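Data block below; observations after.
The values are calculated or read from the model by the stated rules, or taken from the named source; none is laboratory data. This is a predicted model, so every value here is computed, not measured. Backbone-built Cβ (ideal geometry, glycine too); neighbour counts: all protein chains shown. Areas reflect the complete protein model, heavy atoms only, side chains present, ligands, DNA and RNA absent. Shrake-Rupley method; radii C 1.70, N 1.55, O 1.52, S 1.80 Å.
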Amino acid sequence: MAGLAELPRDLVTLEQWDALDLDEARRLELVVGGIVMTPRPRPLHQIVSMNLTQLIRTALPDSLVVLQEVEITVEARFPPTVRDPDLVVVNRSVVDRNPVRVDASDVALVVEIVSPGSRRTDRVMKLYEYAKAGIERYWIVDLDADTDERFLAHLLHDGTYQRVDALVTGRVRTGEPVALDFTLDELTRP
């Protein structure tokens with residue numbers, strides 16, 4: 001298993017990324033060919049992820065599946081980008097194929113739960129990358145943000161994300177690809 005000191009210092013291809021024997025205790029992403037360590041989720045982050053996964057799972061149509069921490073190929077051309085979002089909603093056929101990672105074209109929704117140190121990455125870099133990759137919907141859960149910024153829903157329009165009003169006075173209501181109606185407090189209950 002490759003320790004941090006043994007990781008390549010040069011830009012890597014997808015093939016080289018796949019060949020690495022990575023330490024599963026670390027959370028790594030491939031960003032424009034460079035290997036980047038991202039923060040491990042804290043306990044509250046894990047609770048939010050589990051609760052949101054359950055809310056989504058129970059409301060999804062049979063044709064869609066929600067997955068936790070599965071890699072997405074955001075850019076396959078060199079230098080590649082592979083992200084590891086918190087939640088991904090994909091067509092059931094993707095699970096049947098059981099790929100090493102999910103292609104962005106198979107993603108109906110990607111969800112990032114902001115961790116300390118990931119705010120700029122989730123709100124700026126990934127917002128741009130996911131839109132460029134053509135992922136139709138992107139949600140950001142940021143419980144440390146201002147009240148009206150704690151749940152951000154974005155819909156792809158002409159290659160860029162447009163914000164969709166989903167959070168009103170602490171209540172989240174979404175439509176596609178999954179209709180949800182819940183309070184932010186529901187996400188933090190252990």
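Count, please, the residues in segment 160-190 that happen to be without any contact (Cβ under 8 Å) to a residue 12 or more places away in the chain and either touching a helix residue (DSSP H, G or I) at 6+ places or on another chain (Cβ under 8 Å) or within 20 Å of Gly134 (Cβ to Cβ) (or both).
4
Quick check: is even one residue across segment 88-96 assigned to a strand (DSSP E or B) and open to solvent by 10 Å² or more (accessible area, probe 1.4 Å)?
As a first pass, look at segment 88-96 and keep what is assigned to a strand (DSSP E or B): 88-91.
Within this subset, residues satisfying the condition of being open to solvent by 10 Å² or more (accessible area, probe 1.4 Å) are 91.
Yes, segment 88-96 has at least one match.
Within segment 62-87, work out how many residues are open to solvent by 50 Å² or more (accessible area, probe 1.4 Å) and touching a residue at least 60 places away in the same chain (Cβ under 8 Å).
Let us first name the residues in segment 62-87 that are open to solvent by 50 Å² or more (accessible area, probe 1.4 Å), namely 62-63, 68-69, 76-78.
From what's left, touching a residue at least 60 places away in the same chain (Cβ under 8 Å): 76, 78.
Summing the residues that are open to solvent by 50 Å² or more (accessible area, probe 1.4 Å) and touching a residue at least 60 places away in the same chain (Cβ under 8 Å) in segment 62-87 gives 2.
Of the conditions (1) at pLDDT 95 or above; (2) in a loop (DSSP other than H, G, I, E, B), Val70 satisfies every one except a single condition; which number is it?
(1)
Yes or no, residue by residue, for (1) of a type in the set (Val, Ile, Thr); (2) within 23 Å of Leu55 (Cα to Cα); (3) over 17 Å from the mean Cα position of the chain (by Cα):
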| site | (1), (2), (3) |
| --- | --- |
| Val82 | yes, no, no |
| Leu87 | no, yes, no |
| Val124 | yes, no, no |
| Trp139 | no, yes, no |
| Asp148 | no, yes, yes |
| Asp181 | no, yes, yes |
| Thr188 | yes, yes, yes |
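Condition test on Val172, is it buried (at least 18 other Cβ atoms within 10 Å of the Cβ), modelled with pLDDT of 95 or more and under 17 Å from the mean Cα position of the chain (by Cα)?
no
Tell me which of these Gln46 doesn't satisfy, since it passes every other one: (1) in a helix (DSSP H, G or I); (2) touching a residue at least 40 places away in the same chain (Cβ under 8 Å).
(2)
Within segment 97-138, restricting attention to residues that are in a helix (DSSP H, G or I) and among the acidic types (Asp, Glu), which residue is surrounded by the fewest Cβ atoms within 10 Å (Cβ to Cβ)? Write out each step before concluding.
Within segment 97-138, the first condition is being in a helix (DSSP H, G or I), and the residues that meet it are 97, 104-106, 119-132.
Pick out the ones that are also among the acidic types (Asp, Glu) and you get 106, 122, 129.
On the way: Asp106: 17, Asp122: 22, Glu129: 21.
In this case the residue turns out to be Asp106.
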